[in-house]
Amino acid sequence: MDDPDLAVRRAREATLSGARPPAGSAPPRAEIAASWRRMALCGLDPAGGPEVAPLPEVEVERRRSSSGLARVVPGLVRSLESVVDAGQLVVVSDEEGRVLWRRGTPRVQRMADDLGFVRGSAWTEGNVGTNAIGTALVLGTPVQIRGGEHFVESHTRWGCAAAPVTDPWTGRSLGVVDVSGPSRTLHPAELALVEMAARLASLEIVEQHRARLDRLRGHAAPLLARIEGPALVVDRDGHLAASAGLRAPDRVALPDDLADGDAWLPRLGATRVESLPDGWLLRLDGLEDVAPSALVVDLVGDPEVRVTGPSGRWAQRLSRRHAEILLALVEAGPTGRTASELAADLFAAPGRPVTVRAEVSRLRRVLGGLLMTQPYRLAPHLDAQVRLPVDPRSLLPGSSAPVVLRLRADSPVRPGGGGT
């Protein structure tokens, strides 16, 4: 009987050459086939190597110290110690797919070095093709990639399983935990192991947030008792500590540049903001609420959404996924996009509407009624625009979403600053 990995390799070779897979070859799994399509759209050479150089060691150390994973990495590695003992490599990357931590025997580390799988390397789909870290970042779900399922030829003797680590408190992606090694030694159970490790890390992170919110609640109750009119106290991430005079949401989306003074906030409207230790006092009494009139998705540097109107200006950084969604919706205009159409824009896989709905739900916590449903679209009264970089090739580095790849290919290089 044929080696199952050999059958996958035959299907891969036929697919990449545009030929019909030979009889007896295993058809690629749906998520693998979609990733191969994204790589073909990227123009990635399956015979090539990494194109993005590793970060300098000083930058790796800076990212490690500032990472939201720094406190939980020791526990992550301990939970996977048996995998290390079995000769596999444990890797933790940041949310950009940059390798920050590695643990393994000298032998497997040397093998990883030969692939360019080193500290500071960019293990994204757009840089090294279909792989567990990069594909997990694209899909937002745990992924196992076996041998010939890799897009780049040099990786087809390698196997990997990875799971994203998120901060449930903020909804932000923090990075990926990955187990890698020679394909013949990869066990199917390793996907469940990394998924469990990622879940335990997320639970530890959220418990740290809850402890801080409990301390804030102790200060909030007596403060609100002295205030007339509707008001609420939230932590730095917008989670409700206490409220008075209104039915407050469990969480308020806060702009990154929030400061004392008047502001417009989704779900609350016009708000007067006062800083507190570890949080904010938000007062709503006597302020005129006027709906925003303009929305800008700024992709020139770090992705950001800016909302402006008579009540003021509001801005927040965007994850790469949320930037991709807004880019697709602005491009679609008033007709909007269905979940299946957005899945094709993001993953080259219309069959992933459930993933799309979950991501749009998270984005609606930020934009509230400015993002409408059935179909997904921006509110019709908004003047919605996108700011693109001068060189379209630098648009959302690391993204392999078809909506981004189309713009990189179709947009001319513009002289001067970024434009719409």
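The values are calculated or read from the model by the stated rules, or taken from the named source; none is laboratory data. Just so we're clear, the structure is a prediction, and the values are computed from it rather than from any experiment. Every residue, glycine among them, receives a Cβ derived from its backbone with ideal geometry; neighbour counts consider all protein chains shown.
Note on the range 172-194: residues that are of a type in the set (S, T, Y), under 26 Å from the mean Cα position of the chain (by Cα) and part of a helix (DSSP H, G or I) amount to 0.
The residue of the range 359-392 that is surrounded by the most Cβ atoms within 10 Å (Cβ to Cβ), among those that are in contact (Cβ under 8 Å) with a residue 12 or more places away in the chain and of a type in the set (S, T, Y), is Y376. If you take the residues of the range 79-111 that are of a type in the set (A, V, I, L, M, F, W, C) and assigned to a helix (DSSP H, G or I), which of them is nearest to M196 (Cα to Cα)? Filtering first and then ranking leaves V83. Among residues of the range 66-103 being over 20 Å from the mean Cα position of the chain (by Cα) and free of Cβ contacts under 8 Å to residues at least 24 places away in the same chain, the one that is nearest to A122 (Cα to Cα) is R102. Looking at the range 136-152, can you tell me whether even one residue there is assigned to a loop (DSSP other than H, G, I, E, B) and among the small types (G, A, S)? The answer is yes, given that some residue of the range 136-152 is assigned to a loop (DSSP other than H, G, I, E, B) and among the small types (G, A, S).
This table checks each residue for (1) assigned to a loop (DSSP other than H, G, I, E, B); (2) closer than 24 Å to P266 by Cβ; (3) in the same structural domain as L139 (by TED's automatic domain parsing).
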{"site": "E324", "(1), (2), (3)": "no, yes, no"}
{"site": "L329", "(1), (2), (3)": "no, yes, no"}
{"site": "A343", "(1), (2), (3)": "no, no, no"}
{"site": "G351", "(1), (2), (3)": "yes, no, no"}
{"site": "R362", "(1), (2), (3)": "no, yes, no"}
{"site": "R365", "(1), (2), (3)": "no, yes, no"}
{"site": "H381", "(1), (2), (3)": "yes, yes, no"}
{"site": "V390", "(1), (2), (3)": "yes, no, no"}
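Taking the criterion of being farther than 15 Å from L193 by Cβ and either touching a residue at least 40 places away in the same chain (Cβ under 8 Å) or hydroxyl-bearing (S, T, Y) (or both), the residues of the range 124-133 that qualify are T124, E125, G126, N127, V128, G129, T130, I133.
Annotation: of all residues in the range 401-416 being in a loop (DSSP other than H, G, I, E, B) and either hydrophobic (A, V, I, L, M, F, W, C) or in contact with a Cys (Cβ under 8 Å, 6 or more places away or on another chain) (or both), the one that is modelled with the highest pLDDT is A401. Flag not set for R71, criterion: of a type in the set (K, R) and surrounded by 15 or more Cβ atoms within 10 Å (Cβ to Cβ).
Scanning the range 212-239 for residues that are in a strand (DSSP E or B) and either closer than 25 Å to R306 by Cβ or among the basic types (K, R) (or both) yields L232, V234, D235, H239. The listed residues are A197, A220, and the only one of them that is within 24 Å of A86 (Cα to Cα) and either within 23 Å of the chain's Cα centre (by Cα) or touching a residue at least 40 places away in the same chain (Cβ under 8 Å) (or both) turns out to be A197. Among the conditions (1) outside any helix (DSSP H, G or I); (2) at pLDDT 90 or above, the only one that G301 does not satisfy is (2). If you go through the range 52-90 and keep only what is over 25 Å from R107 (Cα atoms) and not hydrophobic (A, V, I, L, M, F, W, C), you end up with E59, R62, R63, S65, S66, S67, G68, R71.
For the criterion of being assigned to a loop (DSSP other than H, G, I, E, B) and in contact (Cβ under 8 Å) with a residue 60 or more places away in the chain, L396 passes.
Checking each residue in the range 185-194 for being surrounded by fewer than 16 Cβ atoms within 10 Å (Cβ to Cβ) and either touching a residue at least 12 places away in the same chain (Cβ under 8 Å) or touching a helix residue (DSSP H, G or I) at 6+ places or on another chain (Cβ under 8 Å) (or both) picks out T185, P188.
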